[in-house]
Amino acid sequence: MTTAKYIAVDDFCNSSQIEISFVQSLSEKGLIEVLVIQEQSYIEADQLQQLEKLVRFHYEMDINLEGIETIVHLLQRINHMHDEITNLGNKLRLYQKTGR
């Protein structure tokens, strides 16, 4: 069993100089998962990279939440299609080897 590492949303927001409401909005949209433990909000350390990317989209690139949702959805579709292409390529190579 692995022990998940958690980061307090308050600490992240203070160190990144962003609003807590932005992280709450991301959570409401389902873009990140916020865990509430004893009335304190936390994110898993595994989500930190994703959260930082979303923060850059909003604060550095001035993209609104709806735009961020769209970007995340499109990136997920691209990753899915990339995985599918890789699987199909592997199957094709297998058939080419057995067909000789």
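Of 46, 83, 11, the residue with the greatest mean-square motion in the GNM of the chain, using alpha carbon springs below 10 Å, is 83.
Using the number of other C-beta atoms within 10 angstrom as an exposure proxy, rank 36, 55 with the fewest first.
On the way: 36 10, 55 19.
Fewest-to-most ranking of 36, 55: 36, 55.
Neighbour counting of Cβ atoms within 10 Å sorts the residues 95, 42, fewest neighbours leading, into 95, 42. The H on the amide N of residue 41, modeled in the peptide plane, is under 5 Å from the matching H of 9, 10, each at least 5 residues off or on a different chain.
What's the magnitude of the charge dipole for the chain around its Cα centre, counting Lys and Arg as +1 and Asp and Glu as -1 at the beta-carbon? Answer in Debye, nearest 20.
Details: 9 positive and 15 negative charges, 222 e Å.
Computed charge dipole of the chain: roughly 1060 debye.
Between 78, 90, 49, the Cα set farthest toward the positive side of the dipole of the range 6-98 (charges on each charged residue's Cβ, about the Cα centre) is that of 90. Placing R0 at 41 angstrom, the Cβ-Cβ distance between residue 45 and residue 81 gives a FRET efficiency of 0.90 after rounding to 0.05.
Scalar couplings 3J(HN,Hα) for the range 22-33, obtained by applying the Karplus form with A = 6.51, B = -1.76, C = 1.60 to θ = phi - 60°, are 5, 5, 4, 5, 4, 5, 4, 7, x, 7, 9, 10 Hz; x denotes Gly and Pro. Database remark: amide H of residue 63 closer than 5 angstrom to the amide H of 58 (H placed geometrically; neighbours at sequence offset of 5 or more, or on other chains; Pro and chain starts carry no H).
Using 7 Å Cα-to-Cβ label points, what is the residue 34/residue 5 separation (nm, one decimal)? Inter-label distance under the simple model: 2.2 nm.
The ranking of 34, 72 from fewest to most other beta carbons within 10 Å of each one's beta carbon is 34, 72.
Taken together, the values in this text are just the output of simple stated rules run on the coordinates, not laboratory data. Please read these numbers as outputs of a predicted model, since none were measured by experiment. Positions of Cβ are backbone-derived with ideal geometry, glycine not excepted, and every protein chain shown enters the neighbour counts.
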